1. When the residues of segment 1-46 are filtered to those that are open to solvent by 20 Å² or more (accessible area, probe 1.4 Å), under 13 Å from PRO117 (Cβ atoms) and hydrophobic (A, V, I, L, M, F, W, C), which remaining residue is modelled with the highest pLDDT?
2. Applying the selection to segment 79-127, what residues are surrounded by fewer than 16 Cβ atoms within 10 Å (Cβ to Cβ), basic (Lys, Arg), under 16 Å from LEU39 (Cα atoms) and touching a residue at least 60 places away in the same chain (Cβ under 8 Å)?
3. Could you check segment 38-58 and list, in sequence order, the residues that are assigned to a strand (DSSP E or B) and more than 13 Å from the chain's Cα centre (by Cα)?
4. (1) surrounded by fewer than 17 Cβ atoms within 10 Å (Cβ to Cβ); (2) in contact with a His (Cβ under 6 Å, 6 or more places away or on another chain); (3) of a type outside the set (Val, Ile, Thr): which one isn't true of GLY66, the others all being true?
5. Taking the stated definitions as given, is PRO130 surrounded by 12 or more Cβ atoms within 10 Å (Cβ to Cβ), free of Cβ contacts under 8 Å to residues at least 40 places away in the same chain, more than 17 Å from LEU15 (Cα to Cα) and touching a strand residue (DSSP E or B) at 6+ places or on another chain (Cβ under 7 Å)?
6. State all residues of segment 13-37 that are in contact (Cβ under 8 Å) with a residue 12 or more places away in the chain, assigned to a loop (DSSP other than H, G, I, E, B) and either of a type in the set (Asp, Glu) or out of contact with any Phe, Trp or Tyr (no Cβ under 6 Å at 6 or more places or on another chain) (or both); if no residue qualifies, say none.
7. Test GLU76 against the criterion of being more than 14 Å from the chain's Cα centre (by Cα) and either surrounded by fewer than 18 Cβ atoms within 10 Å (Cβ to Cβ) or of a type outside the set (Lys, Arg) (or both), and give yes or no.
Amino acid sequence: MTRTELLVYLRKHRLAVVSTVHNCAPQAAVVGIAVSDDLEIIFDTLTTSRKYQNLRANPRIALVIGWDAEQTAQVEGVADFPSGAELDRCKQVYFAGWPDGPERETWPDIGYVRVRPTWVRYSDFGAAPPRIEEIELG
């Protein structure tokens, strides 16, 4: 799978399950996502949420994107919390996919998370034979 194929696949999906860790225990949540041309995955969440607090303490994150048609991407990466011009750029990407995002931007305690993937496993069990590929990313 090329980076372009991965980008197209990820952009077909608006939701992801994110997994973080707190005190060695996994925690998961569904979030709305947008994907930049550089494969950055961006979502908003409340800064009071468990996922946000977990990522502040440990920025390693796993996501599952897509689960229809027996296709999925498992993504592992590192999260950060952009600011300044980088935050503005990430918001533009996010708001393009979520037009209601600017309304949530007015909420108290709203925060933005950017995930830079380091590893992806794409699986298509609907194909014959099944297609399973792993990709290491910078």
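1. Ranking the qualifying residues of segment 1-46, first place goes to LEU7.
2. None - no residue of segment 79-127 is surrounded by fewer than 16 Cβ atoms within 10 Å (Cβ to Cβ), basic (Lys, Arg), under 16 Å from LEU39 (Cα atoms) and touching a residue at least 60 places away in the same chain (Cβ under 8 Å), so the list stays empty.
3. Answer for segment 38-58, where residues must be assigned to a strand (DSSP E or B) and more than 13 Å from the chain's Cα centre (by Cα): just LEU46.
4. (1)
5. Working: surrounded by 12 or more Cβ atoms within 10 Å (Cβ to Cβ): no; free of Cβ contacts under 8 Å to residues at least 40 places away in the same chain: yes; more than 17 Å from LEU15 (Cα to Cα): yes; touching a strand residue (DSSP E or B) at 6+ places or on another chain (Cβ under 7 Å): yes.
No; evaluated as a whole, the condition is false for this residue.
6. So the first thing to find is which residues in segment 13-37 are in contact (Cβ under 8 Å) with a residue 12 or more places away in the chain, and the list is 13-22, 27, 29-37.
Then drop every residue that is not assigned to a loop (DSSP other than H, G, I, E, B), which leaves 13-14, 33, 36-37.
Listed by number, the residues that qualify are HIS13, ARG14, SER36, ASP37.
7. Judged against the criteria, GLU76 is not a match.
Matching residues to (1) in contact with a helix residue (DSSP H, G or I) (Cβ under 8 Å, 6 or more places away or on another chain); (2) farther than 22 Å from LEU137 by Cα; (3) small (Gly, Ala, Ser):
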site	(1), (2), (3)
ARG3	no, no, no
ARG14	yes, no, no
VAL18	yes, no, no
HIS22	yes, yes, no
LEU46	yes, yes, no
SER49	no, yes, yes
ASN54	no, yes, no
ALA57	no, yes, yes
ALA62	no, no, yes
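The values are calculated or read from the model by the stated rules, or taken from the named source; none is laboratory data. As the structure is a computational prediction, the values presented were derived from the model and not from experiment. Positions of Cβ are backbone-derived with ideal geometry, glycine not excepted, and every protein chain shown enters the neighbour counts. Accessible surface is based on the protein model in full, side chains and every heavy atom, while ligands, DNA and RNA are left aside. Shrake-Rupley method; radii C 1.70, N 1.55, O 1.52, S 1.80 Å.
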